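*Asks:* I am attaching a structure below and will ask some questions about it afterwards.
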Amino acid sequence: MTLPLRVRALILSGIFLALTLGLWELSHKAPAAAGEMTEYEMLMGAASEEAAVPPPSKIIAHAWAELSNPFYDAGPNDKGIGIQIGYSLQRVLIGYLAAAAVAIPVGFLIGMSPLMYRALDPFIQVLKPISPLAWMPLALFVIQDSEASAIFVIFICSIWPMLINTAFGVAGVRKDWINVARTHELGHLRTAVIVILPAAAPTILTGMRISIGIAWLVIVAAEMLVGGTGIGYYVWNEWNNLDLTSVIFSILLIGVVGMLLDMALARVQRLVSYAD
Amino acid sequence: MTRPFLEVQGLGKTYPSPQGPPLTVFRDVNLHIQKGEFVCIIGHSGCGKSTILNVLAGLDTATTGAVIMDGQEVAGPSLDRGVVFQNYSLLPWLSALKNVTFAVKARWPRWSRDKVAEHSYKYLEMVGLTGGAEHRKPHQLSGGMRQRVSIARAFAIQPKLLLLDEPFGALDALTRGVIQEELLRVWSGTNQTVFMITHDVDEAILLADRILLMTNGPEARVAEAVSIDIPRPRQRTSIIHDPNYYAIRNHLVEFLATRSKELAGTANPDGDDATPQVVQFPTQGFPRPVTPAAATKAPIGAPTSSAKG
């Protein structure tokens, strides 16, 4: 009897997970039995054990506690994980949508006009490889607002993949389809909407997927710098608290949210893709 | 004589080449096409027939000469000239129906949605694409079905001139035969002028009123215009019994096999401004009245040549 590939893969994933968690759990030494403490231990308040990487069981218990009440707000240093994620998502979405609003029209322009492509290419080539966080000091100085600066960093990092993919997709639209538009006397705007946009949409969406991935990577780092709120700030804050359980929990949560963002765009991409 | 519907005057295409002299693909192409005429053009690859079609469509420009349709010079593409390309050129993200409706909407922007749909359905019905198939995307259709959609789209916009660029080249022989007859059926109900490229001699005889023969490139020209006077309606099965069928076929094959090469690079003996030599095959037993000079000389069933300036 052979199970479908999907089921077999699922079983194997489960085994890998159980093995990893099991080994991790076993490798974790239980705190030494309460006995005579050395002078050092007494000085450290028996904290050395507490500071070790926590076992999965603790993390799961912590995750359960956090996720069962994700939106509590007990002052600036104690907010629910849902609120922190919410702040991060809000920044990412604002920066990302602003980037799309700029990148897609400019990408169209570059893709449709060889002149604009050549004229703008040097700027893109120089600006693209700059680490988004390198913009942070300049953003903070010019914008004078840490919140807006974080959004600007998201904007600047998510603009390039969308811009380049849009230009690439638009420039690569099959000549035949353009000819169909021409023989049907479609104007520039209607050609762009009726023919070029749907033809280039899968490529544009690929750029958008890459961008959301990068934006989610960058927001964590940006929030560590600007502080205050957000999942990046949360990770750093828990590190300062030496609460590794929370750190590991939030790392995993960052991964899950990133995956969900990618899945959402993958779904949109499926909607606009076409078989030729 | 009234002015022909479509006039091609001294058309030529030359590509500059970085090394050596510029390359002239074809030159001195002079054609007259009447309203409602079905004209096929045959020639070897590289003789520039696709370029000629693209110039007629307004998608390409010629180096010399001009195309005048209905008294107006062709400059740029227009809904007056519909094009069917070999690779169908359907928009793959639209259903068959939408591939037609977008064209109909472009042609008649003021029509209501219902009228556009009704008109599009009418033409899809003509090519036998209804009953659910019209809602499929091109990749869900066979090659033959796709080309039917393409033909429906071209006829639906009712262009003054229909340009077919080897429309059946990518289809298997059986499908090709079926669609050829469908094309004939759809065409015969209209007064549609058609200019079509083909590589298939039998297809050309079946469809055309006139077959233009091109010499090999470079410096290709249209050497002959063979009139096909086989009565219509024509059918694949019966046309081969026409007394002139094999005479015409042999003439075409012989031209393509040998004379297209021999005539390559030569000038039109009647002068560069002249239209191609007319070749006619008078109906056996009932010689068709042609130009008086040709009629007296023509042996029955044999090609007669007459220069028409």
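*Asks:* Quick one: of B:Lys105/B:Lys137; A:Lys175/B:Lys49; B:Lys49/B:Lys261; B:Lys35/B:Lys261; B:Lys122/B:Lys160; B:Lys35/B:Lys105, which pairs are farther than 21 Å apart, Cα to Cα?
*Replies:* Beyond 21 Å: B:Lys35/B:Lys261; B:Lys35/B:Lys105.
*Asks:* What does a probe at B:Val178 reach in segment B:110-143, counting residues whose amide N is under 12 Å from the point 7 Å along Cα→Cβ?
*Replies:* Output list for this probe position: B:128-129, B:142-143.
*Asks:* Suppose every Lys and Arg Cβ carries +1 and every Asp and Glu Cβ carries -1, with no other charges. What dipole size does segment A:137-206 come out with about its Cα centre, to the nearest 20 debye?
*Replies:* Taking the Cα centre of segment A:137-206 as origin, the dipole is about 400 debye.
*Asks:* To check you understand DSSP bridge types, tell me what percent of the beta bridges within segment B:147-287 (both residues inside) are antiparallel, rounded to 5.
*Replies:* Counting DSSP beta bridges with both partners in segment B:147-287, the antiparallel share is about 40 percent.
*Asks:* Okay, moving on. For a Förster distance of 51 Å, can you work out the FRET efficiency between the beta-carbons of A:Trp239 and A:Lys175, rounded to the nearest 0.05?
*Replies:* 0.40
*Asks:* Once the principal axes of the Cα atoms of segment A:43-139 are found, what is the range along each, listed largest first in whole angstroms?
*Replies:* So the three principal-axis extents are 69, 31, 27 Å.
*Asks:* Something else: Among residues other than A:Ile178 whose Cβ falls under 14 Å from its Cβ, what is the net charge (Lys/Arg +1, Asp/Glu -1)?
*Replies:* Net of charged neighbours comes to +1.
*Asks:* Then there is this: Is the shape of segment B:99-212 best called rounded, prolate or oblate, per the rule: a/c under 1.5 gives rounded, else a/b larger than b/c gives prolate, else oblate, with a ≥ b ≥ c the square roots of the Cα gyration tensor eigenvalues?
*Replies:* oblate
*Asks:* Towards the positive end of the charge dipole of segment A:75-222, with charges on Cβ (+1 Lys, Arg; -1 Asp, Glu), say which of A:Gly111, A:Ala181, A:Val153 has the farthest Cα.
*Replies:* Of the listed residues, the answer is A:Ala181.
*Asks:* Whole-Hz ³J(HN,Hα) for each residue in segment B:2-8, computed from phi via Karplus 6.51 cos²θ - 1.76 cosθ + 1.60 with θ = phi - 60°, x for glycine and proline: what do you get?
*Replies:* 6, 5, x, 4, 10, 10, 10
*Asks:* Mind grabbing the interface size between B and A? I mean buried accessible area, both sides, 1.4 Å probe, in Å² to the nearest hundred.
*Replies:* Its buried surface, counting both partners, is about 1700 Å².
*Asks:* In addition: Please figure out what share of the DSSP beta bridges in the protein assembly as shown is antiparallel and state it in percent, rounded to the nearest 5.
*Replies:* Of those bridges, close to 50 percent are antiparallel.
*Asks:* Right, something else. For segment A:238-267, list residues with backbone N below 18 Å from a point placed 7 Å from the Cα of A:Asn77 toward its Cβ?
*Replies:* Residues A:238-247 qualify, since their backbone N sits under 18 Å from the label point.
*Asks:* Here's something else I'd like to know. Enumerate the calculated ³J(HN,Hα) couplings along segment B:50-67 in order (Karplus 6.51 cos²θ - 1.76 cosθ + 1.60, θ = phi - 60°), each rounded to whole Hz, writing x wherever the residue is Gly or Pro.
*Replies:* Using θ = phi - 60°, the values come out as 5, 5, 4, 4, 5, 5, 4, 6, x, 7, 10, 10, 8, 6, 10, x, 8, 10 Hz.
*Asks:* I would also like to ask the following. Once all Cα-Cα distances of segment B:26-147 are split into 10 Å bins that start at 0, what whole-number percent is in each one?
*Replies:* Reading the bins upward from 0: 11, 34, 31, 21, 4.
*Asks:* Just counting partner chain Cβ atoms within 10 Å, what average do the residues of peptide B:102-112 show around their Cβ?
*Replies:* Average per residue, whole number: 2.
*Asks:* Taking only Cα atoms and a 10 Å spring cutoff, compute GNM fluctuations for chain B and point out the largest among B:Gly132, B:Gly36, B:Gly65.
*Replies:* Between B:Gly132, B:Gly36, B:Gly65, it is B:Gly132 that shows the largest mean-square fluctuation.
*Asks:* Which FRET efficiency, nearest 0.05, do B:Trp111 and A:Ile60 yield, Cβ-Cβ r, R0 60 Å?
*Replies:* The calculated FRET efficiency here is 0.40.
*Asks:* Debye sum, Cα scatterers, segment B:1-74, no solvent: what log₁₀ I/I(0) at q = 0.11, 0.25 1/Å?
*Replies:* Debye intensities relative to I(0), on a log10 scale: -0.30, -1.25.
*Asks:* Now, a different point. Would you kindly calculate the mean projected area, averaged across all directions, of the convex hull enclosing the Cα atoms of the protein assembly as shown, in square nanometres?
*Replies:* 42.5 nm²
*Asks:* Give the peptides A:95-104, B:103-112, A:156-165 in descending order of average Cβ contacts within 10 Å, highest first.
*Replies:* By packing density, highest mean first, the sequence is A:156-165, A:95-104, B:103-112.
*Asks:* How shielded is A:197-207 by partner chains, expressed as the average number of their Cβ atoms within 10 Å of its Cβ atoms?
*Replies:* Per residue, the number of nearby Cβ atoms from other chains is 1 on average.
*Asks:* Tell me, what is the per residue accessible area of the protein assembly as shown in Å², probe radius 1.4 Å?
*Replies:* So the protein assembly as shown comes to 50 Å² accessible per residue, rounded to a whole number.
*Asks:* How would segment B:81-158 be classified by its alpha-carbon gyration tensor: rounded, prolate or oblate, with rounded meaning a/c under 1.5 and the a/b versus b/c comparison settling the rest?
*Replies:* prolate
*Asks:* How large is the Kirkwood hydrodynamic radius of chain B, in angstrom, based on all distinct alpha carbon pairs?
*Replies:* Value: 20.4 Å, from the Cα pair sum.
*Asks:* Okay, next question. Taking a cut-off of 18 Å, what percent of all Cα-Cα pairs in segment B:237-281 are separated by more than that?
*Replies:* 45 percent
*Asks:* Continuing with this model, one more query. Could you please report the charge total around A:Pro132, scoring K, R as +1 and D, E as -1 over all other residues with beta-carbon less than 13 angstrom from its beta-carbon?
*Replies:* +1
*Asks:* Right, here's the next one. Averaged across A:171-179, how many Cβ atoms of other chains sit within 10 Å of each residue's Cβ atom?
*Replies:* Partner Cβ neighbours, averaged per residue: 3.
*Asks:* Decide, for segment A:55-272, between rounded, prolate and oblate: order the square roots of the alpha carbon gyration tensor eigenvalues as a ≥ b ≥ c, take rounded if a/c falls under 1.5, and otherwise choose prolate if a/b is larger than b/c, else oblate.
*Replies:* prolate
*Asks:* Turning to a different aspect of this structure: For chain B, give the percent of accessible area contributed by carbon and sulfur heavy atoms, probe 1.4 Å, rounded to a whole number.
*Replies:* The nonpolar share, carbon plus sulfur, comes to 53 percent.
*Asks:* Continuing with this model, one more query. Relative contact order, percent, of segment A:55-272 when contacts are C-alpha pairs under 8 Å separated by at least 6 residues?
*Replies:* 25 percent
The values are calculated or read from the model by the stated rules, or taken from the named source; none is laboratory data. Predicted, not measured: the structure shown is a model, and the values here were computed from it. Note: ideal-geometry Cβ built from the backbone for every residue, glycine included; neighbour counts use all protein chains shown. All accessible areas refer to the heavy atoms of the entire protein, side chains included, with ligands and DNA or RNA removed. Shrake-Rupley method; radii C 1.70, N 1.55, O 1.52, S 1.80 Å.
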